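To start, the structure itself, in structure tokens.
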Amino acid sequence: MRIRILTIAAASVLALGAAACTQAEQKKAEVNAEAAGDKAADVAAQTGEVVESGAMKAAQAVESGAGKVADKLEDNQAQAAAEGRPGAVDPATDTRVPAKN
């Protein structure tokens, strides 16, 4: 009977030790997971900034290109209106050259 009680006590001590170890491992895993989550959030924020800056540069390029195209089209319309070509719009007056009938 004593041996059985000692065996149960020893098993209980081993189980408690294993549980304590498991809790310590769980705590360490939680700390590591939190650190990984923080790192992932930092990387995501940095990636967002890189994407946003790229979009900004692209928008600036489009804006610049569109301005150049608008200037060229305005020059073409001014010349066409000055020549009296029907359908052209004089940019200075915003009036359309009437069609010839």
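None of the figures in this text is laboratory data; all of them are computed from the coordinates on show. Nothing here was measured: the structure is a model prediction, and the numbers come from that model. Heads up, the Cβs are rebuilt from the backbone with ideal geometry, glycines too, and the neighbour counts pull from every protein chain shown.
What to note about this one:
- Here is the tail figure for the stretch 45-101: Cα pairs spaced more than 20 Å apart come to 49 percent of all pairs.
- The simple spin-label model puts a point 7 Å past each Cα toward its Cβ; for D38 and K57 those points are separated by 3.1 nm.
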